[in-house]
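Input: a single structure, listed below in structure tokens.
The values are calculated or read from the model by the stated rules, or taken from the named source; none is laboratory data. Quantities reported herein were computed from a predicted structural model and do not represent experimental measurements. Cβ: placed from backbone, ideal geometry, glycine included. Neighbour counts: every protein chain shown. For the accessible areas, the whole protein counts, side chains as well, though only heavy atoms, and no ligand, DNA or RNA atoms are used. Shrake-Rupley method; radii C 1.70, N 1.55, O 1.52, S 1.80 Å.
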Amino acid sequence: MALLAILTLALLTYIALMLSLYALSYLTSATTASSSSSSSTTSRISAYYARLLASWFCLILCAAYGTVASAILRVVEACGVKDAGGLSQWTVARAFKWTMWAATGVTFVVQGEEELRRRPAVFVGNHQTELDVLMLGCVFPPYTSVTAKSSLKYVPILGWFMTLSKTVFIDRKNRQTALAAFDSAVHTMHTAKQSVYIFPEGTRSYYTAPGLLPFKKGAFHLAVQAQVPIIPIVVANYSEILDSRRKVFRAGKIPVKVLPAIETMGLTAADVDRLTTETREKILDELVRLTELARGQKVALPANKAKRLDREARSSGIDVKGVQAVGAA
């Protein structure tokens, strides 16, 4: 009973702190127009931490729900309902989508959802910040699981949920176990028609302008090995919504575009390099376009992209003006 009382007190304190920060943000923003810039700074920072606390709360709440839901769906599957376990991550994703929308006012708006119905497939997309977990909550189709670094399976609640919901864990330090994980993923994709979502950049970029880190080839080897399509998913740069370095975390809707599938039927390992480059170019093109639409203005291109476009334009006799290059690394 004492432990329960302590946990209840901790939860109530957490919620009270979160609500107090939201209130402080609202009150200081209301006086910003007629006061000093310090009010604006206070409003921005308090809103940042309020939404950060709200996001952690939603994540833990949904992971706890997911642990229970995944266990129940595994039992249902064992009782004869085929592939019921494959719905685990989808149902938790949707729960996270709606709790985050209610708690933070942030969501992702998806275009091209018809492509998400293809099954099985390897979904690949750009990776910006921790907020991409919410993006998955908004995008994730049924019968899809993520890949994750193996250390996450030992995280309380979150790790339990991921283990029960058929997450593909990969030990990036051990090539042999990583390949074994991919072999297991291929088998699951064929037998259960389970799709996989992979961030080919391998880590978050935290870019404030549209850009991509170099792509790792694992997702493309997996798609070729399984002979399933690659479906690129592009998220507009949302540094105006979340930027941890500037302590910015605002409410808003972030556009997402699902691109047409790239077929891999008949391709071999020899085609992986070309496939990786082709997919990265398509994602980068759409990333720039989508960010410009979201911001209502032209955005600077990554350096290598701007140089390539400039060379192509000059060789065609077209004078490209106003193209500014920024470093992508």
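Residues 146, 124, ordered by accessible area of protein heavy atoms at a 1.4 angstrom probe radius and largest first, appear as 146, 124. Once backbone amide H atoms are built at 1.01 Å from N, residue 108 has 254 as its partners under 5 Å, excluding neighbours fewer than 5 places away on the same chain. Count Lys and Arg as plus one, Asp and Glu as minus one, and take only other residues whose Cβ is under 11 Å from that of residue 220; the net charge is then +1.
Counting Cα-Cα pairs of the range 1-98 in 5 Å increments starting at 0 gives whole-percent bin shares of 2, 13, 14, 13, 12, 12, 11, 9, 6, 4, 3, 1, 1, 0. Exceeding 22 Å between C-alpha atoms, which entries from my cross-link table qualify? They are 153/253; 149/217; 149/257; 82/149; 216/282. Checking Cα-Cα distances, 153/253; 149/257; 82/149 exceed 22 Å. Please work out how much accessible surface residue 281 shows to a 1.4 Å probe, ignoring ligands, DNA and RNA, in Å² rounded to 10. Roll a 1.4 Å probe over it and residue 281 shows about 60 Å².
Legend: calculated FRET efficiency, residue 15 to residue 193, from the Cβ-Cβ distance at R0 = 45 Å, rounded to 0.05, equals 0.65.
Listed by chain and number, the aspartates and glutamates whose C-alpha is less than 15 Å from the C-alpha of residue 97, apart from same-chain residues fewer than 8 away, are 130, 132.
Rounded to the nearest Hz, the phi-derived 3J(HN,Hα) couplings of the range 137-149 under the Karplus curve 6.51 cos²θ - 1.76 cosθ + 1.60 (θ = phi - 60°) are x, 8, 9, 3, x, x, 6, 9, 9, 9, 9, 8, 5, where x marks glycine and proline.
Classify the range 49-179 as rounded, prolate or oblate from the Cα gyration tensor: take a ≥ b ≥ c as the square roots of its eigenvalues, call it rounded if a/c is under 1.5, otherwise prolate when a/b beats b/c and oblate if not. It comes out rounded by the Cα gyration axes. Once all protein chains are placed together, residue 196 keeps about 0 Å² accessible to a 1.4 angstrom probe. With θ taken as phi - 60° and the Karplus curve 6.51 cos²θ - 1.76 cosθ + 1.60 applied, the whole-hertz 3J(HN,Hα) list for the range 186-202 is 4, 4, 5, 4, 6, 7, 10, 6, 8, 8, 10, 10, 10, 8, x, 5, x Hz, x standing for glycine and proline. Rounded to whole Hz and in sequence order, give me ³J(HN,Hα) for the range 231-238 from the Karplus expression 6.51 cos²θ - 1.76 cosθ + 1.60, θ = phi - 60°, writing x for Gly and Pro. Running phi through 6.51 cos²θ - 1.76 cosθ + 1.60 with θ = phi - 60° gives 10, x, 10, 10, 10, 4, 4, 10 Hz.
Here each label is just a point 7 Å from Cα along the line to Cβ, and for residue 72 and residue 163 those points are 2.1 nm apart. Once the 1.4 Å probe is applied to the protein heavy atoms, the range 178-287 comes out at 41 Å² accessible per residue. Residues whose amide H comes within less than 5 Å of that of residue 128, counting only those at least five positions distant or on another chain, are 205 (H built at 1.01 Å from N in the peptide plane).
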